[in-house]
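Working notes, beginning with the structure itself.
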Amino acid sequence: MTNAYGLNKDGKFRRASFVVLGHINPIGSMMLMTGGGMAIITAQMIDETVRPITWVLWAVYMIPPMLLLFALSTVSAMYLYRLDDDQTLDASTLDESMKAVVKGGNDPLNRDQRIVGGVMLGAVAAWIVGGVMLGAVAAWIVGSFLNVPTIVPAIVAVAILSAPGIDIVDRELIEEVSWGILFLIGAMFSILEVMGTTGTLDLLIGVLIETIPFEAMAPWLVVGTLLAIAVFIRAWFSTASAVIVVTLPIIMEFGVVLGINRLFLALSVLIIVGSTTFFPFNTTSVMLLYDRGPLNLQEVLGFGLVMMIHGTIVIVFSWLFYWPIVV
């Protein structure tokens, strides 16, 4: 779009777009329990230590807060980059690839564009007709009321896509799966299990309680301190999923000791960790856009602080007003 409309590559539009794609867009994965590693890990811990949580319940808990966070952050990006003016574009401002489309006519697309468009439409039609993804989502929704494990619809979907004659999931695709990440998540759960059975987790909690006077704090200050610890740890990790695995069990144990609502606490940790990106390496999308785009380190850090503030606002709103209604 920047090239097509002849905009400045270091201009406000491109910078704001990269901020939205890097900082804001990834938080959408937290809306659904199967949206990404952070949500899956958090849901698993809630299910094991607090209460059973289904795909539908997760959507009810998280979609409205995430929509609010998305809206606040996007408006902030538009304000910070002063995207409040109008620009009139005509054919003279477009490059050659866009002029035919603007002029219209009987055949505005060239041969390559028609081929690519036809393939994309065919792929979309195949997915709709096959109904695999829609079927998986439907199974997750229905399974929420029938106590069907979340993994079952996913296994069925993969089995269908890898069946002879379909072969969408083939050997090459399996080889490209990030197996290291999968084993990392599994290993982290195993380590947490060992920490719990050996008493290491309790020992760590005891040391922190002796160091930080939680008992003398008001409940809101306790929650704020725990979330601040999560944010501090987040700054040193390259993946938010790893931060969730490291911090959430400890914070959840604090919830038991200090009598804090652990469901709300777990969801709050997810929101604050998922919405905080201080450095480019904290999030893959930010790292990519920082490397290839116009953003500098100050912009990444600055909007990361904005996102953290918005995340805190959303947590306060959800904890006090929204979650008590839907739980």
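The values are calculated or read from the model by the stated rules, or taken from the named source; none is laboratory data. None of the values given here were measured: they were computed from a predicted structure. Glycine gets a Cβ as well: all are built from the backbone with ideal geometry, and neighbour counts include every protein chain shown.
General observations
- The residue that is farthest from Leu57 (Cα to Cα), counting only those in segment 27-38 that are assigned to a helix (DSSP H, G or I) and within 8 Å of the chain's Cα centre (by Cα), is Ile27.
- Candidates are the residues of segment 160-211 that are at positive phi and small (Gly, Ala, Ser); the one that is modelled with the lowest pLDDT is Gly165.
- Among the numbered conditions (1) at pLDDT below 75; (2) within 23 Å of the chain's Cα centre (by Cα); (3) of a type outside the set (Asp, Glu), the only one that Ala157 does not meet is (1).
- For segment 41-54, residues that are crowded, with 20+ Cβ neighbours inside 10 Å and of a type outside the set (Gly, Ala, Ser) total 6.
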